[in-house]
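Report on the structure given below.
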Amino acid sequence: MADIGAAGRGAGPSPAFAAFRAEVRAFLKDNLPREMAQRTRSAVHPTRQDTLGWTAILARKGWSVPGWPVAHGGPGWSARQRLVFEEELMMAGAPVVNIQGVSLVGPVIYTFGSQAQQQRYLPDIREGRSFWSQGFSEPESGSDLASLRTRAVRDGEAWIINGQKIWTSQAMLADMIFCLVRTDPEAKPQRGISFLLVPLDIPGITVRPIETIDEAKSLCEIFFDNVRVPADALVGEVGRGWDYAKFLLSNERVATAEVPRNKRNLAVLKELARAEPDAAGRLIDNADFRRRIAELEIDLLALQAGVERALDGDEDLLLPSVLKLCGCELMQSILQLQVETLGSYGAVYNMQSDTGAVGAPPSASATAPAHALDVTAEFLFRRAATIYGGSNEIQKNIIATNLLRTQNRSRSPHTEEQRLLRDSAAGFLARAYSFEARKAMLRDRPTAFRTNWKAFAKMGWLGAGHAEDVGGLGGTPHDTAVLAEEFGRALVLEPFAAAGLAGRVLDLAAVPQQRAGLLASLVAGKDLTVVAHDEPGARGRLSFVSTRATPSGDRYRLHGRKCVVLGGDDAGRFIISARTAGAGDDEAGISLFVIGRDAPGLSCTPVRLVDGRGAAELVLDGVDVGPDSLLGPIGGGAGLMAPAIAEATMLACADAVGAMDQALWITCDYLKVRKQFGSALADFQALRHRLADMYVEVEKARSILRPGLEALSFSDGEARQRAVSAAKAQIARSGFFVGAQAIQLHGGMGMTEAYAVGHYFKRLCVFDMLLGNAGYHTAIHAGGI
């Protein structure tokens, strides 16, 4: 799996991050007590002793509060360093520090608290001397914090608190609780709330643990009966508690993406699958089970990429909600597969005895394998993951409400040059490529192709990723992907990705004379060259080539068939892959040849794809080619095609992201204007949640697009292919979901050819079918597990 601390976009893990990771690992090796790690790896609920003891160990190194500023004892790390640190601790089995103190109330105190509060509370949190709990939820106010009813009334130099809090994690272990309380019942709900710091050992407080479905006690309800606290327990200003809570929860919702915990859980899943028997040997050797693990790992890569977007300053206000939704649901899915891995033993009570659980009969616990300890208990307890921190239903309400209100739908690329490139493409396509204009293009394909292709060349788009010496712009795959995303949004019919594939092959394989002629002609829009590689039965496999090139003196005769050659209906030349040696799936022995459309023995039959784009079927019956038609070394075609196809795959991925994004917004607009039973469809919560689900899938696809593009620069071909396959598999899955939901939410209108949304669904279906479908690419990723 890619290094989450990767820096220097596209270069893989940087030496600086690799050194930092090594430093953390060395520290853990020398300082993490083995017994503590063993308890943590299997325990669902940590003990107070381990939590504070580990914090104290970290404090001696200056690492106990990794997110705090240096002025308050933090190490001064970047956000990416913190994530690397948290991941290494989690994977090593280190206890989680007291999150409520370190990650939640600590930042509130040093940001909004008084100097006295900072001096009093921060050192104890930092050095592992105090344990905190969070008092937000109430019996009638779970995710709806604005409706809380616990009261605090000012009485001279004190506050008198009455009320109840519930679901307070680990409060029975805590010394302190930070509370939201209503201090002004006459003010607007959010304005009448204040933020108090309360010791839990003072008169009037009752802490009552709640046994959860894993038969352990970690959640509590707390009762306040005329509890008197000093006036200086107030943080900041009276009535500003809602603002401080939003500050705190914004940190919490990014953290609840739970990337480090999900990585550890996935690693545990693989360990269980290696330990558990299956009919054919080990469960990990079962191809279907490996595929299911791979799907979860790909989901984790998308989640990780989303977290990196947030760390890099992505300004999407909905991204924290997306990360919370995805992270918690992924956690539950991984844990569910862990339980399934145990087979019948997943049903056996097998929990360690020091967690506060109801005692199990020794005979029942002893029957299960040792590696089953607490697996089912963790699965049961983490059903709460989609509830705490603002339930997933609340997150979907937030997402849908914002989508239905927003007017700004632009997605800013990372550089000014990319923004200009995007804007030029978006402007042209808005003028020349409306849905109605596209219908006319479908009726008169040859004329439309010539007109648009010349326009693309004139604006430099055909050479965006090629060097300036052949007329290109000298851009990167990220630049070309910006264009591809806009083309997907407009359902462009021209074979942009196909031309990009041919151009990259020519870049890699052509001798200077070929490159200057063929590539310059392609970039200038004078002649279209496309790659004819896919064959019936290949199903994405690069090395599946049965077309043969038989030597005849210094010439070759080509025999075979190529299917679904995208852009082949308009191409003037083809780059043909043919076998000069080997057989079947041998990578060695594949060579590349350039032939003209009018070559004797070549039959080219135009075909139309489901989404309206053009392609061709080629039959080669003794096509005679000379040595000047050979591209690259004889037998070396697979090595040249692999990076080129990887890049074409990522351009297709970018196109799909643009298509699904546009399908989302078309659907959003439709829900606002279409009425049913006297109300807009947007008023129905079930439909709003479906819209939110669509947005989540778009953002997962958008997130994993970037690491796939970055992987194109990897020198390690296997690592490059796994990253590209992960992107293709995730975006294909997300694309189908978004397209299908777009039709569903449009009802009968979505089924009509005259309406745009169905065409986006067809575009996304075609995306999955070409260049290897989601199943194929998931299998590639599974091969590395």
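The values are calculated or read from the model by the stated rules, or taken from the named source; none is laboratory data. Because the structure is predicted, anything quoted here is derived from the model rather than measured. Here Cβ is always computed from backbone atoms with ideal geometry, including for glycine, and neighbour counts include all displayed protein chains. With ligands, DNA and RNA removed, areas are computed over all heavy atoms of the protein, side chains included. Shrake-Rupley method; radii C 1.70, N 1.55, O 1.52, S 1.80 Å.
Carbon-plus-sulfur fraction of the accessible area of the chain, 1.4 Å probe, in percent? Kindly include the intermediate steps, with their values, before the conclusion.
Values: 17040 of 31880 Å².
Percent of accessible area from carbon and sulfur atoms in the chain: 53.
R0 = 35 Å: FRET efficiency of residue 524 with residue 419, Cβ-based, nearest 0.05? Don't skip to the answer; put the middle values down first.
Numbers: r = 26 Å, r/R0 = 0.73.
Calculated value: 0.85.
Would you please give the residues with an amide H less than 5 Å from that of residue 465, counting only those at least 5 places away or on a separate chain, with H modeled from the backbone geometry?
473, 475
Over the chain, average the accessible area per residue using a 1.4 Å probe and give it in Å², no decimals.
Working: 31880 Å² over 785 residues.
Heavy-atom SASA per residue in the chain reads 41 Å².
Just want the answer: with Cβ charges of +1 for Lys and Arg and -1 for Asp and Glu, which residue in 461, 404, 449 is farthest toward the dipole's positive end in region 370-473?
Farthest towards the positive end: 449.
Give the lysines reachable from residue 188 as a straight Cα distance under 27 Å; neighbours fewer than 8 places away on the same chain don't count.
Cα-Cα hits under 27 Å: 165, 246, 396.
Hey, rough spin-label estimate for residue 539 and residue 672, points 7 angstrom out along Cα→Cβ, what's it come to in nanometres?
With each label point 7 Å from Cα toward Cβ, the separation is 4.4 nm.
Would you list which lysines come within 26 Å of residue 526, measuring only between C-alpha atoms, while excluding same-chain residues fewer than 8 positions from it?
Within the straight-line cut-off, residue 526 pairs with 439, 454, 458, 562.
Using R₀ = 25 Å, calculate the FRET efficiency as 1/(1 + (r/R₀)^6) where r is the Cβ-Cβ separation of residue 291 and residue 41; round to 0.05. Present the calculation step by step, with values, prior to reporting the outcome.
Values: r = 27 Å, r/R0 = 1.06.
So the FRET efficiency works out to roughly 0.40.
Relative to the first principal axis of the alpha-carbon coordinates of the chain, what is the inclination of helix 717-746, with its axis defined by its Cα atoms, in degrees from 0 to 90 and to the nearest 10?
80 degrees
Could you run the Karplus curve 6.51 cos²θ - 1.76 cosθ + 1.60 with θ = phi - 60° over region 383-396 and give me ³J(HN,Hα) per residue in whole Hz, x for Gly and Pro?
Taking θ as phi minus 60°, the curve returns 4, 6, 4, 8, 10, 6, x, x, 4, 4, 5, 5, 4, 5 Hz for region 383-396.
Between region 373-434 and region 272-288, how far is it from one alpha carbon centroid to the other, in angstrom?
When both Cα centres are located, 37 Å separates them.
Summing +1 for each Lys or Arg and -1 for each Asp or Glu, what net charge is found among the other residues whose Cβ lies under 13 Å from the Cβ of residue 30?
Working: positive: 25, 29, 34, 60, 61; negative: 23.
Summing Lys/Arg as +1 and Asp/Glu as -1 gives +4.
Given the options 773, 171, 589, identify the residue whose Cα lies farthest towards the positive end of the charge dipole of the chain (+1 on Cβ of Lys, Arg; -1 on Cβ of Asp, Glu).
The residue sitting farthest along the positive end of the dipole is 773.
Which net charge results when you count Lys and Arg as +1 and Asp and Glu as -1 among the other residues whose beta-carbon is under 11 Å from that of residue 689?
Summing Lys/Arg as +1 and Asp/Glu as -1 gives +1.
Given the options 331, 293, 279, identify the residue whose Cα lies farthest towards the positive end of the charge dipole of region 247-335 (+1 on Cβ of Lys, Arg; -1 on Cβ of Asp, Glu).
Among 331, 293, 279, the one farthest towards the positive end of the dipole of region 247-335 is 279.
Hey, if we sort 326, 653 by accessible area with the 1.4 Å probe, largest down, what's the order? Don't jump to the answer; show the numbers that get you there.
Working: 326 20, 653 0 Å².
Largest accessible area first, the residues go 326, 653.
What is the extension gain from residue 440 to residue 753, computed as 0.36 nm multiplied by their sequence separation minus the C-alpha to C-alpha distance, in nm to one decimal?
On the way: separation 313, 0.36 × 313 = 112.68 nm, distance 1.39 nm.
That works out to 111.3 nm of additional length.
Nearest 10 degrees is fine. How inclined is helix 115-126 to the longest principal axis of the chain, computing both from alpha carbons?
Roughly 70 degrees, rounded to the nearest 10.
Amide H of residue 158: which non-local residues (sequence gap of 5 or more, or other chain) have their own amide H closer than 5 Å, using H built in the peptide plane?
Amide H neighbours of residue 158: 231.
Over the Cα atoms of the chain, what radius of gyration and what Dmax do you get, in Å?
29.9, 105
With r as the distance between the Cβ atoms of residue 401 and residue 49 and R0 = 45 Å, compute the FRET efficiency 1/(1 + (r/R0)^6) and round to 0.05.
Values: r = 44 Å, r/R0 = 0.98.
The value I calculate is 0.55.
Taking the Cα centre of region 645-753 as origin, work out the dipole magnitude from +1 charges on Lys and Arg Cβ and -1 charges on Asp and Glu Cβ, in debye rounded to 20. The partial results should precede the final answer.
Working: 12 positive and 12 negative charges, 66 e Å.
Roughly 320 debye, rounded to the nearest 20.
Which value, in debye to the nearest 20, describes the size of the charge dipole of the chain about its Cα centre when Lys and Arg Cβ atoms bear +1, Asp and Glu Cβ atoms bear -1, and nothing else is charged?
Numbers: 85 positive and 88 negative charges, 199 e Å.
Dipole about the Cα centre, nearest 20: 960 debye.
List, in order, the whole-Hz ³J(HN,Hα) value for each residue of region 646-655 obtained from phi through the Karplus relation with A = 6.51, B = -1.76, C = 1.60 and θ = phi - 60°; use x for Gly and Pro.
After applying 6.51 cos²θ - 1.76 cosθ + 1.60, I find 4, 5, 4, 4, 5, 5, 5, 4, 5, 4 Hz.
Between residue 274 and residue 186, with labels modelled 7 Å along Cα→Cβ, what's the label distance in nm to one decimal, could you check?
Placing both labels 7 Å beyond Cα along the Cβ direction yields 6.8 nm.
I want the local charge near residue 708. Using Cβ-Cβ distances under 12 Å, sum +1 for each Lys or Arg and -1 for each Asp or Glu among the other residues. Numbers along the way, then the final one.
Working: positive: 702, 706, 720, 722, 728; negative: 647, 710.
For residues surrounding residue 708, the net value is +3.
Taking H placed 1.01 Å from N in the peptide plane, check which residues at least 5 places from residue 138 or on another chain put their amide H under 5 Å from its amide H.
Counting only residues 5 or more places away or on other chains, the set is 166.
Which order do peptides 272-279, 338-345 fall in by mean Cβ count within 10 Å, highest first? Kindly include the intermediate steps, with their values, before the conclusion.
On the way: 272-279: 15.2, 338-345: 18.2.
Per-residue Cβ counts within 10 Å, averaged per peptide and sorted highest first, yield 338-345, 272-279.
Express in whole angstrom the spacing between the alpha-carbon centres of region 673-733 and region 509-569.
First find each Cα centre; the distance between them is then 32 Å.
Where the eigenvalues come from the Cα gyration tensor of region 736-785, what are the semi-axes √(5λ) of the equivalent ellipsoid, largest first, in whole Å?
Details: eigenvalues 173, 24, 5 Å².
They are 29, 11, 5 Å, listed from largest to smallest.
Extension gain residue 19-residue 71, at 0.36 nm per residue separation less the Cα-Cα distance, in nm?
Working: separation 52, 0.36 × 52 = 18.72 nm, distance 2.49 nm.
Extra length available between residue 19 and residue 71 comes to 16.2 nm.
Residue by residue through region 284-296, which ³J(HN,Hα) values in whole Hz follow from phi under the Karplus form 6.51 cos²θ - 1.76 cosθ + 1.60 (θ = phi - 60°), with glycine and proline marked x?
5, 8, 6, 4, 5, 5, 4, 4, 5, 5, 4, 4, 5
How far apart, in nm, are the 7 Å Cα→Cβ label points at residue 610 and residue 315?
In this crude spin-label approximation the distance works out to 3.8 nm.
What figure, in Å² to the nearest 10, do you get for the accessible area of residue 749 with a 1.4 Å probe and non-protein molecules left out?
Its heavy atoms expose roughly 90 Å² to the probe.
Can you tell me the orientation of helix 241-255 relative to the chain, as the angle in degrees between its alpha-carbon axis and the longest Cα principal axis, to the nearest 10?
The angle comes out at about 50 degrees.
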